[in-house]
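The values are calculated or read from the model by the stated rules, or taken from the named source; none is laboratory data. On a predicted model such as this, the values are computed, not experimentally measured, just so you know. Neighbour counts are summed over all protein chains in view; Cβ atoms, including those assigned to glycine, are modelled from backbone coordinates with ideal geometry. Heads up: the accessible areas ignore ligands, DNA and RNA and are worked out on the full protein's heavy atoms, side chains in. Shrake-Rupley method; radii C 1.70, N 1.55, O 1.52, S 1.80 Å.
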Amino acid sequence: RTQSLMRLLFLIMTILLIVPVALILGLLIDRGGGVISWEFLFAFPRDSMTAGGIFPALIGTIWLVSVALLASVPVGVAAAIYLSEYARDNLLTRAINLAIINLAGVPSIVHALHGFGAFVLFANFGASILAASLTLAIMTLPVVIVATRESLQSVPRAFREACWTMGATRWQTIRKVVLPNSGSGILTGIILEISRTAGETAPIMFTGAAFFLPFLPQGIFDQTMALSLHLFNISTQIPNVPEAMPYGVALVLISIVLVMNGCSIALRMYLRGNKKW
């Protein structure tokens, strides 16, 4: 009886998590699905952004997410490897862990102001894709570090001891055994980072996203439009926007996140199937 009750409780909790997501998707599809077309996806905005498409914002979002991933994943994975495999439990390690926890709790608007001061002004990157992506990378770095560290620590210590017994160095053990068997957990952190990076507005508003640009970015030092900021603008700043357009932009944004997450989840499942335990 207790087993059945607990199973029912967990099922109800799962449904309570899924239902709001399904309702949001259903609402977006119902109200914004009608505006989705090739012209909407691949045309430039026109008529003061009350008509046309979202192509510059779509490309800009891909730019921002890609550069942020390239900046944060190597640093986050390297930091997690150090904390999990090399660092001893001392004052320095505890201070680093405290800094990671505090960084995860900093509001996004504070990250935006830091990115503006550090990258736009001090590093002299200007308002650009690079400055915005580095700001997003710092904001999401704790997610990558924590997920990677937990995944590394889940690999049985017996694997490490077997390698050391055979004469392998610590780095050889990490590279050949630990990392391949923790790839699924690392991808979990990347999935969470993609979801947050694509939807952030405040950090990119201060550092690199433009209200409107009639051209596509040519490199990381150019400004760009972004779907999240474009959605904010047409919802609150621009009059006479068709009612369905903001819902269509939101539907495209969440679809991009779902596609990226789906690819990452498929790769994670593949890696998980290759685990040795």
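Average the reciprocal distances over every distinct pair of alpha-carbons in segment 59-132, invert the result, and give the Kirkwood radius in Å.
Working: mean 1/r = 0.0699 Å⁻¹.
By the Kirkwood definition, the hydrodynamic radius is 14.3 Å.
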In nm, to one decimal, how far is the modelled label at residue 265 from the one at residue 13, with both set 7 Å along Cα→Cβ? 2.0
Leaving ligands, DNA and RNA out of it, report the carbon-plus-sulfur percent of the accessible area of segment 95-213 at a 1.4 Å probe. 69
For residue 52, which sequence-distant residues (separation of 5 or more, or a different chain) have an amide H within less than 5 Å of its own amide H, given hydrogens modelled in the peptide plane? 46
Using only the alpha-carbon atoms of segment 162-277, report the extent along each of the three principal axes, biggest first, to the nearest angstrom. 71, 30, 22
Contour minus Cα-Cα span, residue 108 to residue 31, at 0.36 nm per residue, comes to 24.8 nm
Would you kindly state how much longer the chain becomes between residue 70 and residue 99 on full extension, computed as 0.36 nm times their sequence separation minus their alpha carbon distance, in nm to one decimal? 8.2 nm
Heavy-atom accessible area per residue, segment 1-80, 1.4 Å probe: how many Å²? 63
Cβ neighbours within 10 Å, averaged per peptide: list 11-20, 32-41 in order, most packed at the top. 32-41, 11-20
In degrees, nearest ten, helix 91-104 long axis to first principal axis of the chain (Cα): 30
